[in-house]
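The values are calculated or read from the model by the stated rules, or taken from the named source; none is laboratory data. Predicted model only: the values in this text are computed from it and were never measured. Heads up, the Cβs are rebuilt from the backbone with ideal geometry, glycines too, and the neighbour counts pull from every protein chain shown. Accessible surface is based on the protein model in full, side chains and every heavy atom, while ligands, DNA and RNA are left aside. Shrake-Rupley method; radii C 1.70, N 1.55, O 1.52, S 1.80 Å.
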Amino acid sequence: MCADIDYKAQSDHIRRLNRLFGNGASAHLDLACGTGPHIRHFIDYGFQSCGLDINQPMLDLAQVRCPEAEFTLQDMCSFRVNNPVDLITCFLYSIHYNDGISKLKQCLSSVYHALSEGGIFCFNAVEKTKIDNRAFVRHSTEFNDSQFTFSSGWNYSGAGERQSLKLSIEKSNEQESQVWQDEHPMVAVSFDELEQLLLPHFEVHIFEHDYDKITPLQPTSGNAIFVCVKR
């Protein structure tokens with residue numbers, strides 16, 4: 001499902017942002033780390049990385065991929081760390097998995113308390129008011145003699161603090177074709193609302209969702225990368 005994601009480009013981009021805004025240290029925590037592909041790159045860059053997720057089978061795979069790292073089964077809305085970290089990341093729009101504004105506030109508070117002085121929190125987000133319910137991203141890949149086609153798209157009713165990520169998975173081979181549909185409930189927030197939630201804890205910088213260059217967010221953009229420096 002993630003075959004088209006350039007984990008290295010994403011990791012390298014955040015490493016550059018950390019050089020610009022971070023405190024110079026290298027203790028790293030990845031929220032909703034999944035099977036650890038981003039952590040693998042950060043370890044290779046010289047970071048002391050750890051990860052957390054709510055899915056133990058994915059953490060088991062992450063441990064195989066990154067035996068040097070420590071992984072814990074925790075919910076990112078209310079997590080704890082044994083020692084402060086200097087960089088916290090949350091990739092692939094996973095910040096939206098916080099179930100509502102109240103949970104999102106808890107997550108941001110947990111991040112603040114986990115960061116060392118001058119540490120930064122980097123994540124990407126989607127602006128609820130700019131979601132086009134008709135837009136989908138689609139890609140295909142081959143695996144075990146089958147063709148898989150994945151499509152995903154945001155859906156927002158236009159009101160409230162809930163949006164969803166709609167997914168479709170198609171599998172076909174010489175014997176059969178199968179289709180699965182899924183929908184993930186997520187928190188909906190505008191960038192202005194999100195910035196206001198962050199400002200009590202952080203100095204906030206918002207950039208275009210472009211992993212090739214660092215440019216300020218444009219008013220028409222519906223996707224952004226947030227860099228939040230602990231005050």
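Run the quick spin-label model on Arg134 and Ser116: label points 7 Å from Cα toward the beta carbon, then report their separation in nm to one decimal.
5.1 nm
Could you work out how far apart the two model spin labels at Asp4 and Glu142 are, taking each label as a point 7 Å from the Cα in the direction of the beta carbon, and quote it in nm?
1.8 nm
Roughly how many Å² is the accessible area per residue of the chain, as a whole number, for a 1.4 Å probe?
Here the per-residue accessible area is 51 Å².
Measuring from label point to label point, each 7 Å out along Cα→Cβ, what is the Asp99 to Ile169 span in nm?
According to this spin-label approximation, the distance is 2.2 nm.
Would you mind getting me the FRET efficiency between Arg80 and Leu199? Use the beta-carbon distance for r and R0 = 22 Å, nearest 0.05. Please report the intermediate quantities before stating the final value.
Numbers: r = 24 Å, r/R0 = 1.08.
Efficiency, from the Cβ-Cβ distance: 0.40.
Need one number: % antiparallel among DSSP beta bridges in the chain, to the nearest 5.
Values: 43 of 60 bridges.
Bridges in the chain that DSSP calls antiparallel: roughly 70 percent.
Counting other Cβ atoms within 10 Å, which trypsin sites (Lys or Arg not before Pro) in segment 46-122 have at most 12 and lie in a DSSP loop?
Sites meeting the loop and neighbour criteria: Arg80.
Mean separation of Cα pairs under 8 Å and 6+ residues apart, divided by the residue count of the chain: what relative contact order is that in percent?
On the way: 484 pairs, mean separation 40.9, N = 231.
The normalised contact order for the chain reaches 18 percent.
Of the accessible area of the chain, with the probe set at 1.4 angstrom, what percent is carbon plus sulfur? Before the final figure, lay out the partial values.
Numbers: 5760 of 11750 Å².
Answer for the chain: carbon and sulfur cover 49 percent of the accessible area.
Determine how large the accessible area of Glu208 is when every protein chain is in place; take a 1.4 Å probe and give Å² rounded to the nearest 10.
40 Å²
Return the loop-located trypsin sites (Lys or Arg not before Pro) in segment 145-228 (DSSP other than H, G, I, E, B) with at most 12 other Cβ atoms within 10 Å of their own Cβ; answer none if there are none. Walk me through the intermediate numbers first.
Numbers: sites: Arg162, Lys166, Lys171, Lys213; in loops: Lys213.
Hits after loop and neighbour filter: Lys213.
Calculated from the structure, Rg and Dmax of the Cα atoms in Å equals which of (i) 19.6, 62; (ii) 17.8, 59; (iii) 21.1, 71?
Derived directly from the coordinates: (ii).
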